[in-house]
Amino acid sequence: MLVHAHPDDEATATGATMARYSAEGASVALVTCTSGELGEVVTDDLAHLRGDQEALGEHRRGEIRAALAELGEIRHHWLGGPGRFRDSGMAGEDGNAAPGAFAAADPAEVTRAMVEILRAERPHVVVTYDENGGYGHPDHIAAHRAVMTSLDPAADPDYAPELGEAWQVPKVYWTTLPRSILKQVEEAGVEGFEPYTVPDEELTAMVDGRDFHANKIAALREYRSQVNLDDGEFFAKLVLRPEFALEHYLLVRGDRGPGTGPNNWEPDLFAGLG
């Protein structure tokens, strides 16, 4: 089960992983925490969505349905229901504290909503962001917090038994960028990535999704309001490289399974599970 903040985050960070496990017959679920109502609309033919949070949220809910179809059989949940928690905007913006903003949501309500999904899905592996949300976005940080504060309550039979039978998640990972990616970034003339990376030797797992790179690209192309892979900019160049389908993770709860290669990375997020 993967937990992401906005539509398109799942494809960008973990799309190849989702497509690979779906193709291999694993049960794959996605939790999206907001509809991305404050996202920047990048294509002019959708300019009517700019500044209209309700319309953009509805549009992005349609985009994610199409994107997930490209990744395989994915069960999808909106945390608290569609539109319950709203996009908070980038750090320091007024949206951070606006009514309904996910970053300012009642922690108790968020925990109940997440526990209900955890108990319904009963995942063996959960993936979300690190404590900085990957790059500091308030909703990414809130998604991290939503997962990490819900794991113990989900496993506690005395916590809200009406939400379902207790479930202990065996393994929890944070999605990360390896420090070695800096070479690619620097070649493209982009700076400032280093704080968002982890030294390769400290990472735990790498899922090789290169056979599903095309699925990841196809999913991202469904997000026309947010993503333009034909503009020749840095992100487009990075995404179109096959290495973009090598997705890296840091294990933060559970036992590490057998690894391979110079860094002894797990090749499978289920490594070590019976």
Tell me, what is the per residue accessible area of the range 19-59 in Å², probe radius 1.4 Å? 46 Å²
Two-site label geometry, Ala108 and Asn96: point separation in nm, points 7 Å out along Cα→Cβ: 2.5 nm
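Order these peptides, 133-144, 5-16, 107-118, by their mean beta-carbon neighbour count within 10 angstrom, highest first.
5-16, 133-144, 107-118
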Averaging over all projection directions, find the projected area of the Cα convex hull of the range 3-107 and quote it in nm² with one decimal place. 7.0 nm²
If amide hydrogens are placed 1.01 Å from N in the peptide plane, which non-local residues have theirs closer than 5 Å to the one on Gly72? none
State the Cα centre-to-centre distance between the range 88-119 and the range 205-274 in whole Å. 26 Å
How are the alpha carbon pair distances in the range 64-175 distributed across 5 Å bins from zero to the largest one, expressed in percent? 2, 12, 19, 21, 22, 15, 7, 2
Rounded to the nearest 5, what % of the DSSP beta bridges within the chain are antiparallel ones? 35 percent
Net length gained if the chain between Ala66 and Asp255 were fully extended (0.36 nm per residue, minus Cα distance): 64.5 nm
Just need the relative contact order of the range 155-271 here, percent rounded to a whole number, with Cα pairs under 8 Å and 6+ apart. 35 percent
Please give me, ordered by residue number, the chymotrypsin sites (Phe, Trp or Tyr not before Pro) of the range 191-250 that lie in loop per DSSP and have at most 16 other Cβ atoms within 10 Å. Phe193
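Once R0 is set to 30 Å, what does the formula 1/(1 + (r/R0)^6) return for the Cβ-Cβ distance between Ala55 and Arg241, expressed as a FRET efficiency to the nearest 0.05?
Taking R0 as 30 Å, the efficiency between Ala55 and Arg241 is 0.35.
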GluC sites (Glu not before Pro) within the range 120-199: DSSP coil, no more than 12 neighbouring Cβ in 10 Å: Glu131, Glu165, Glu191
Where nothing but the Cβ of Lys and Arg (+1) and of Asp and Glu (-1) is charged, how large is the charge dipole of the range 151-274 around its Cα centre, in debye to the nearest 20? 360 debye
Note: the chain, point scatterers on Cα, Debye, no solvent; log10 I/I(0) at q = 0.11, 0.12, 0.16 Å⁻¹ equals -0.60, -0.72, -1.35
What helices does the chain hold that run 18 Å or longer along their axis, going by alpha-carbon atoms, with a Kyte-Doolittle average of -0.5 or more, using DSSP H for the helix calls? 9-23, 107-121
Sorted by chain and number, the residues with a modelled amide H under 5 Å from that of Leu177, at a separation of 5 or more or across chains, are Val198
Rounded, prolate or oblate: which one fits the range 128-274, using the alpha carbon gyration tensor with axes a ≥ b ≥ c (rounded when a/c is under 1.5, else prolate when a/b beats b/c, else oblate)? prolate
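The values are calculated or read from the model by the stated rules, or taken from the named source; none is laboratory data. Please read these numbers as outputs of a predicted model, since none were measured by experiment. We place every Cβ from the backbone using ideal geometry, glycine too, and count neighbours over all the protein chains shown. Heads up: the accessible areas ignore ligands, DNA and RNA and are worked out on the full protein's heavy atoms, side chains in. Shrake-Rupley method; radii C 1.70, N 1.55, O 1.52, S 1.80 Å.
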